[in-house]
1. Only one of these is hydrophobic (A, V, I, L, M, F, W, C), in a loop (DSSP other than H, G, I, E, B) and out of contact with any His (no Cβ under 7 Å at 6 or more places or on another chain): Ile121, Ile136, Ile98. Name it.
2. Going by the conditions given, is Glu99 closer than 24 Å to Met146 by Cα and either surrounded by fewer than 21 Cβ atoms within 10 Å (Cβ to Cβ) or under 13 Å from the mean Cα position of the chain (by Cα) (or both)?
3. If you take the residues in segment 38-77 that are among the charged types (D, E, K, R) and without any contact (Cβ under 8 Å) to a residue 40 or more places away in the chain, which one is surrounded by the fewest Cβ atoms within 10 Å (Cβ to Cβ)?
4. Is at least one residue of segment 134-141 of a type in the set (Gly, Ala, Ser) and more than 18 Å from Gly34 (Cα to Cα)?
5. Could you go through segment 87-96 and let me know if any residue there is in contact (Cβ under 8 Å) with a residue 12 or more places away in the chain, more than 21 Å from Tyr143 (Cα to Cα) and charged (D, E, K, R).
6. When residues of segment 20-38 are filtered for being at pLDDT 95 or above and part of a loop (DSSP other than H, G, I, E, B), how many remain?
7. Among the listed residues Ala145, Ala118, identify the single one that is touching a strand residue (DSSP E or B) at 6+ places or on another chain (Cβ under 8 Å) and of a type in the set (Gly, Ala, Ser).
8. Checking the condition crowded, with 17+ Cβ neighbours inside 10 Å and either in contact (Cβ under 8 Å) with a residue 40 or more places away in the chain or closer than 13 Å to Asp108 by Cβ (or both), which residue from Ile136, Ile132, Ile155 passes?
Amino acid sequence: MKNISQESQPKMIIFDHDGTLVCTETPEFSLFPGIKELLVDLVAQDFHISVWTARSHKSTVESLKRLGIAEYVGEIYGNDDGMSKPHPMGLLKITQGIEKENLLHVGDSLGDLDGAKAFGIPVIAACWNSTIQVEIFRAKTPYVAMKPADCRPIIEAHFNLKLG
């Protein structure tokens with residue numbers, strides 16, 4: 001059996017939907033500034049992008065299509081696909097075949113942080129939608145981002161690469 005090197009293993013970033021990729025505070029959802037550019041750069045570096053959300057699968061797909069980022073997203077795991085967050089079942093399902101050291105989650109809730117920790121992968125606390133829990137997040141993860149652009153150096157350091 002051929003041994004595949006670490007460099008050839010797929011890399012994946014798993015994003016939460018509400019409050020991380022998408023601002024859902026108004027009836028017309030919108031992307032947070034810098035999200036689409038981050039996704040474009042990640043895909044250009046051969047990252048797989050997935051979404052793990054407490055939103056339903058169907059509404060997530062509709063939202064991503066309407067906001068013009070569905071083409072960047074592969075697997076989606078919604079609350080109606082099995083066990084809800086923070087249970088790590090969704091992470092297990094969408095990351096099959098990818099080593100945990102090649103995974104990183106980006107989310108804005110304690111459910112995201114607790115689920116990623118239970119699954120055994122690092123998480124970036126996305127604090128660009130709300131700064132209320134920053135100190136709580138800092139106690140749970142060394143990775144805290146106040147805006148989407150803050151994810152870039154964390155991702156670069158974690159995966160030892162340079163994003164576009």
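1. On the way: Ile121 fails: out of contact with any His (no Cβ under 7 Å at 6 or more places or on another chain); Ile136 fails: in a loop (DSSP other than H, G, I, E, B).
After applying the criteria, what remains is Ile98.
2. No; evaluated as a whole, the condition is false for this residue.
3. Among residues in segment 38-77 that are among the charged types (D, E, K, R) and without any contact (Cβ under 8 Å) to a residue 40 or more places away in the chain, the one surrounded by the fewest Cβ atoms within 10 Å (Cβ to Cβ) is Asp46.
4. yes
5. Looking through segment 87-96, at least one residue is in contact (Cβ under 8 Å) with a residue 12 or more places away in the chain, more than 21 Å from Tyr143 (Cα to Cα) and charged (D, E, K, R).
6. Selection size over segment 20-38: 5.
7. From the options Ala145, Ala118, the qualifying one is Ala145.
8. Result of the check over Ile136, Ile132, Ile155: Ile155.
The values are calculated or read from the model by the stated rules, or taken from the named source; none is laboratory data. Computed from a predicted model, the values in this text were never measured in an experiment. Neighbour counts run over all protein chains shown; Cβ positions are idealised from the backbone, glycine included.
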